Every structure is written in C-alpha cells, then in structure tokens.
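Contents: one structure, followed by commentary.
What follows is calculated from the coordinates using simple rules that are stated; it is not laboratory data. Just so it is clear, the structure is predicted and the values come from calculations on it, not from any experiment. All Cβ positions, glycine included, derive from the backbone under ideal geometry; neighbour counts span all protein chains shown.
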Amino acid sequence: MNKFNAYGRRLLAITGIALLAALLVAPSVQAFEGRGGDTVVIKAGEVIDDDLYVAANRFTLDGTVKGDLVVAGSTIEINGTVEGDLIAAGQSIIINGTVGDDARIAGYTLTVGGQIVDDLVSAGFSLDEKSGASVGGDLVFGGYQALLAGAVTQDVTLAGGAVKIAGAIGGNADVNVGGAESQGGMPPTFFFPNLPAVPSAPVGLTIDEGAHIGGNLKYTANAPITVPGGVVGGEVAFTQYVPEVRPQAGPHVEVKVPTPAMLAARWLLGRVRYLITLLLIGAFMMWVVPGWTRKIARVVETRPWPSLGWGVVAFAAFLVVMVALLIATIFLAIAFGIVTLGGLAGRFVALGGIVMSVTAFAFSITWAYVTRIVVSLLLGQLIFRLFRSPAARHRWWPMLAGVVVFVIITAIPVLGWLATAAAILFGLGAIWLWARDWLQSRKPAPAVAEAEVPASQN
C-alpha cells in the first residue's frame, strides 16, 4: 500500500493548495477560464487554451482543453480531450475521451471507456473500466466495487468489497476484499433511488479466464479463490482476512464485523447529517443575523492573517477565562466557608458552575458551527465571484453552495481536519476583530472643552 499512500499524499497536497488559493487569492486569479451554470457544454471543435474550472449540475466535454480540467457537478461526461490532468468530483463521472496526464476522480459511479495516458486515482461506490479502455500508468481505487475489463499498463491497487478482473494488467495487482460477506451489501440506490444505476460485481475477488496479470498477484480475502491457469505471470500470494476481535460482554455475545458497504453507508450517513446540520444553522444565521454574518465573512476575506492570529489568541483567551472562573469559584467557596456562610458558599459554587457551563456552551457553538458557516459563506461568495455570477450578492445561495463545498472538503482524510481547524481559527479571529472594532466604535468621543469666555466688565 506504499504506492497508494504516495498517491494519497499527492492528492491531498493538490487539494490543499486549491483550497488555500480559493480562500485567500481567488478574487485576483485570472490564469484560467471558469464556467458555471446548470448545464455547461464544451462543443466539438471548441478549444480551451488554458486550464478550465467548471461548477455545473451537468458538464459535457466534446471539445479540447489544452491544460488541466477541474470540474465538480452531478453528471460529468468527458468525450473530448483533456491534455493535462483531470480532477473531477460528482455523482456520475464518464470518461469516453482522452486524458493526456493523470486522472483523479471521486463519485458514486465512475466509468472509464476511453484512454487515460498516465495514472488513475479514484474513489467511489463503483468503478467500471470498459473493454477497450486503457490506463497508461497505475490504477488506484478505493470503494465498494471495481470491474476492470480494459488494460492497465502498470500496477493496480484495489480496496473494496467486490472486485472483478477481466482485462490486462501489465504490472502487479494488489487487491484487498477482506471482510466482504458472501451475501453482499445493499446498493445505495435502494435508499437513494435517484442515484445512477451501476453494474454488479460478485462479492469478493473474481478473475476471468481471459484476464492477464503480467506481474504478481497479492490479495487479501475471507477465503482463497481459484485463479485460472496462465493468467498470472508472476507469483500468487494469498492473505487470510482476520476480523478484528473486540472484547465481548459475555460468553455468548457475537461480534459482527461491518462490511465495506456498511462502513461506506455509515460514512455517507454521517456526512449527510453533518451537511443538514450546517445547512439548518446557516439558514438560521442568514435569516436572523445576515448582516452580521456577512461582516464576519468580510473580515476573514480582507484580513485573513490577522484573523488567523487572533483566532489562536481567542482559543487561548477562552482557556484562561475558564481557568479564572474555576479559581474564582473555588476561592469564593472557601472564603465564605471560612466565615461559616456555608449556604452562601454553596450558592457561589452553583453560580460558578452555571457561568462556566454557559461560557463553554456559547464558545462551543461559536467554534463548532458559527465559524464554519462564516467560512462557508465566504467560500460560496468567492466561487460565485469566480464565475462572475450575480448570485454572489444573494442572501442564500453563497451560504448553500459554500456549505456543500466545505462538507466535501472536510470529508477528505487529513485535509479534512486541517480545513476544519483553519475555518475555526479564521472564524474566531474574525469575530474577535469585529468585536474589538465594535467596542471601540461604542466608546464616546472625548469631550472638547469649551473655551472660557472672559466675563465682560461692567
């Protein structure tokens, strides 16, 4: 899995750089072309001479992109040519054309029917590489099922619940289907009927007689499989999957190991609940205090580095305040106890506990939700400004779009908690700066002494 980790680090680094650029310098970037809307189509014969960034419900590329293509949407279809890298995220991603460099794609259903000249790094519920398709470098996939009927020039690394190899792999194949149960998992379309249909692969690892693996085959599964003769050019290594044994509450308690499909469903459910929570809180803020929320977002945009610094100060100040409240509560309780005012001492302890609880609750709501809504609003505004959309000034659309993008970003391993921590610090610092400016504006102006007028002589 060393190769998978290397690709993961590259993907996280690229996504992190993109996020940082969007947050801090997006308004001044003019080195690429942007498209947006419900439906975006690059027609056949149309040539984009630079990198192309697209946000649309449905995107179709029939022409040519000379640089990189970064696209997010519901349905993404690549029928033309991308001469650089392809970075795509959506429900359905279909590559029938040519990607001249690497492809990094994530979505529910991923279909490759064309040519990817270099590596393919992918994640989702289903990856379907059609017969006649080709990947010129390595192929990495993590999800529920993968069907490989095309050609992969170099190595393949797969992790999921159902893998079927029917095409040609030039290098080694490393497959992990450990934990997949024989009855299979319930496809998400059962719960979400609007998702696109996907092909079905048998649970576990399946290798067709017409397949070919030029190097070694290493696989982890619940039980060994029958590998057709002559398919693997190197050695075959099987690793027995051993479920994690957890402490049992009693001698007859059975521990059920979740399948990859169950883990994916739990993860998806958690993301959906997180999205709904942020949307509800964001809607409340944009309904009750829209002006204040925009002001805080403006502070983050215009003073990002002071916001970051004061965010650290705000965290430290909260800890100092909590410690001071605790010390004051204990001191007053002891002091009143010494002078035999036991009843009053108990009330001070209760009052101190209430004050500390209210302070902690208010701070937790601020850093856990308010800061993320503020950063999400700014992110949505920057996205709409990037595409010169008048929706950037709308009350609701920037918040809605920003929250969706923020939830997607925070779902990425490692980058997710970095983005969350950055949002908290930027948001807390901006609130601190706003409060400081507001308090200064409330101070009365120094009175100007009236000049004494000498009394006239009679």
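Derived scalar couplings between HN and Hα for segment 48-62 equal 9, 7, 9, 5, 10, 10, 9, 10, 7, 5, 10, 10, 10, 10, 10 Hz in order, rounded to whole Hz, by the Karplus curve 6.51 cos²θ - 1.76 cosθ + 1.60 (θ = phi - 60°), x for Gly and Pro. Between Val289 and Val355, the simple spin-label model (points 7 angstrom out along Cα→Cβ) gives 2.2 nm. FRET efficiency for the pair Thr239 and Lys66, taken as 1/(1 + (r/R0)^6) with r the Cβ-Cβ distance and R0 = 45 Å, rounds to 0.50. Once the Cα-Cα distance is subtracted from the 0.36 nm per residue extended length, the Leu268 to Ala223 segment shows a gain of 13.4 nm. Each of Leu418 and Phe387 was given a label point 7 Å from its Cα along the Cα-to-Cβ line. The distance between the two points is 2.7 nm. In terms of packing, defined here as the mean over residues of other Cβ atoms within 10 angstrom, the peptides 409-419, 126-136, 205-215 line up highest first as 126-136, 205-215, 409-419.
The shape of segment 375-447 comes out oblate: with a ≥ b ≥ c from the C-alpha gyration tensor, a/c is at least 1.5 while a/b does not beat b/c.
With K and R counted +1 and D and E -1, the other residues having a Cβ less than 13 Å from that of Tyr274 yield a net charge of +4.
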